[in-house]
Each structure stands twice: as C-alpha cells, then as structure tokens.
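Comments concern the structure below.
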Amino acid sequence: MIPLKELLAQVPQSGEVRWIGVRPSARAPMVEIDAVEARRDAGLTGDHARPTPRNQRQVTLIQWEHLPVVAALIGKAVAPADLRRNLAIAGINLFSLKNRRFRIGQAVLETTGWCQPCARLEERLGPGTFQAMRGHGGLTARVLESGIIRLGDRLEVLD
C-alpha cells in the first residue's frame, strides 16, 4: 500500500489551457482572448485584479471538466465567461495543485487558495448557482515569473 503522503506528492497529470478571459473592470463582461501576459506580482494584463505583490487572487483558474457539472446542477448551459475565472484548464485535477508551483506556457504561478463562488454568480446565472459552484470554483494563484500564456499551453507541476 502506498502511503498517503507519497500519493499526495505525485501529480502525474498535466493540464491544458482551454479558455482565457480577463475582466476589464469589476462588473464588466469577460473578454475572451487567445493569449495573455502574466506579470510577476501583478496578475494578467487587461484584468482588473489589483496589481500588487500581496494580492493572492492575481489569477483565477477553473477546471474545464467542472463546467458541465455546474451546468447540470443549474439546468442550463454554462460558458467559462459566465463563471468569471481567468483560465479554464482541462486534464488535471486543480485540487492537486494545492501548495504547489506550476508553469503555464512561459509563466510560473503558485497556488494561493480556493476560489469560492460569490453571490454575483447567483444574480447573473439564477437561483441555485452559488450552491452548484461550491467545490467547483477552482483556485486562485499569484504570478511568480512573468510570461505569455496561450490557448493550448500545458500546465505542468514544478514541485
């Protein structure tokens, strides 16, 4: 039997960027893009996230495979822009990135926490959205090394 500590240390999967979006201002519609610059201690170019080294929510990521789950729970189609996360990543369980550094394209990021759903999702997508998103909200990260992130780029765990 493999000890739990060893199982948690191993992340054999890698992910792929399936969607990129930025929020020009807090309540503005998401802008879908093919590539974005991730800036050290500042987040993504064009995103309204507060560009400071202390900001733990410089980048938000959601798991691509969770989109149909959320859609099934609220009874309507859900696009990545509806959930207002910056990156939708397929092929890796984002929870396995807890307390880790990872590379996406040229940028290096570090997980800072879980991205909890907010009440605005309920306003935007209707009753039940907040509960449907619980456990499916993704994670938050900060940028450690600047670089370009493009659609199709791989997410690889570094430590």
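The values are calculated or read from the model by the stated rules, or taken from the named source; none is laboratory data. Note that this is a predicted model, so its numbers are computed, not measured. Quick reminder, even Gly has a Cβ in these numbers, built from the backbone with ideal geometry, and neighbours come from all protein chains shown. Note: accessible area is taken over every heavy atom of the protein model, side chains too, but ligands, DNA and RNA are not part of it. Shrake-Rupley method; radii C 1.70, N 1.55, O 1.52, S 1.80 Å.
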#### Entry: Test item: Cα-centred dipole of the range 13-157, Lys/Arg +1 and Asp/Glu -1 on Cβ, debye
400 debye
### Query
So how exposed is Asp41, as accessible area in Å² (1.4 Å probe, rounded to 10)?
30 Å²
### Message
So if I average 1/r over every pair of distinct C-alpha atoms in the range 1-58 and take the inverse, what Kirkwood radius in Å does that give?
### Response
14.0 Å
### Query
Taking only protein heavy atoms and a 1.4 Å probe, what accessible area per residue, in Å², does the chain have with all protein chains in place?
52 Å²
## Note on the structure
The farthest towards the positive end of the charge dipole of the range 13-157, of the residues Ala79, Ala49, Ile62, given +1 on Cβ of Lys and Arg and -1 on Cβ of Asp and Glu, is Ala49
### Query
How much of the accessible area of the range 13-157, in percent, comes from carbon and sulfur atoms when a 1.4 Å probe is used?
49 percent
### Task
Count charges around Gly91 for me, please; just the other residues with Cβ under 10 Å from its Cβ, Lys/Arg as +1, Asp/Glu as -1.
0
### Message
Classify the chain from the C-alpha gyration tensor, please: rounded if a/c falls under 1.5, else prolate or oblate depending on whether a/b exceeds b/c.
### Response
oblate
### Query
Rounded if a/c is under 1.5, else prolate if a/b is larger than b/c, else oblate: which is the range 32-99, with a ≥ b ≥ c the root eigenvalues of its Cα gyration tensor?
prolate
### Task
Could you size up the charge dipole of the range 94-157 around its Cα centre, putting +1 on the beta carbon of Lys and Arg and -1 on that of Asp and Glu, and report it in debye to the nearest 20?
100 debye
### Query
Expressed as a rounded percentage, what relative contact order does the range 13-157 have, with Cα pairs under 8 Å and six or more residues apart?
35 percent
#### Entry: Structure-based [θ]222 nm, the chain - -39500 (n - 2.57) summed over DSSP H runs of at least 4, per residue, nearest 500
-4500 deg cm²/dmol
#### Entry: About the Cα centre, charge dipole magnitude for the range 5-93 (Lys/Arg +1, Asp/Glu -1 at Cβ), debye
440 debye
### Query
Between the range 7-83 and the range 109-159, what is the C-alpha centre distance in whole Å?
5 Å
